[in-house]
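K.L.:
Dropping a structure here in structure tokens format, bear with me for questions.
The values are calculated or read from the model by the stated rules, or taken from the named source; none is laboratory data. What you see is a predicted model, and the numbers here were worked out from it, not measured in a lab. Glycine gets a Cβ as well: all are built from the backbone with ideal geometry, and neighbour counts include every protein chain shown.
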Amino acid sequence: MAPALIADQAFTIQQAARSCGMAESTLRYYEQVGVIPPVRRNPLNGYRVYTQSDLDVLDTVACLAAAGMPVADMRVYVANATRGEVGPEAQIVLLEAHRARLAAEARALEARRRYVDLKVGYWHAVAAGDQQEARRVSARARELSGALRGATGSEAAR
């Protein structure tokens with residue numbers, strides 16, 4: 001006879017943190033700001049008692065955080081899971097908006113990488129005494145600088 005699975009297995013905050021790869025303080029914070037629902041407490045000592053269902057939510061939240069999703073959006077994502085028939089559409093809208101933000105971040109990162117590549121090329125040309133190549137690379141870097149400032153938001157700060 002196979003052993004029965006324990007449906008209501010309980011985990012400490014330390015075990016929950018280890019399971020999802022987040023710090024205990026992060027779990028407390030996410031509970032405090034409403035990213036995750038309030039965790040059940042042991043009535044004898046007041047310690048948090050996590051269930052497997054809680055760990056599943058924490059795993060999702062950890063992945064969303066690793067994907068760069070803002071805390072406010074993670075809160076909405078977790079809440080959307082309980083919204084019945086409207087939940088899936090709300091999740092799609094939320095995730096598509098996040099995907100668009102990630103694409104913009106990727107474009108900005110690529111512009112920064114291209115600029116650094118050009119500066120490396122410039123200094124290689126200077127070190128080699130090739131003034132013509134240094135001027136050519138410098139001109140390309142100047143062309144990119146406007147897009148770079150716009151991509152990083154520093155243009156508004158100037």
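K.L.:
From the list Ala111, Ala125, which residue is in a helix (DSSP H, G or I), farther than 19 Å from Ala66 by Cα and touching an Asp or Glu at 6+ places or on another chain (Cβ under 9 Å)?
P.N.:
One residue alone meets the criteria, Ala125.
K.L.:
Taking region 1-41 only, how many residues are more than 24 Å from Thr82 (Cβ to Cβ) and either at pLDDT below 95 or of a type in the set (Val, Ile, Thr) (or both)?
P.N.:
Of the residues in region 1-41, 7 are more than 24 Å from Thr82 (Cβ to Cβ) and either at pLDDT below 95 or of a type in the set (Val, Ile, Thr) (or both).
K.L.:
Mind listing just one residue for me: the one in region 25-70 that is β-branched (Val, Ile, Thr) and touching a residue at least 40 places away in the same chain (Cβ under 8 Å) and, of those, surrounded by the fewest Cβ atoms within 10 Å (Cβ to Cβ)? Even if it seems obvious, please write down each step before you answer.
P.N.:
As a first pass, look at region 25-70 and keep what is β-branched (Val, Ile, Thr): 26, 33, 35-36, 39, 49, 51, 57, 60-61.
With touching a residue at least 40 places away in the same chain (Cβ under 8 Å) added as a condition, the list becomes 33, 35-36, 51, 61.
Working: Val33: 12, Val35: 24, Ile36: 20, Thr51: 16, Val61: 23.
Filtering region 25-70 for residues that are β-branched (Val, Ile, Thr) and touching a residue at least 40 places away in the same chain (Cβ under 8 Å), the one surrounded by the fewest Cβ atoms within 10 Å (Cβ to Cβ) comes out as Val33.
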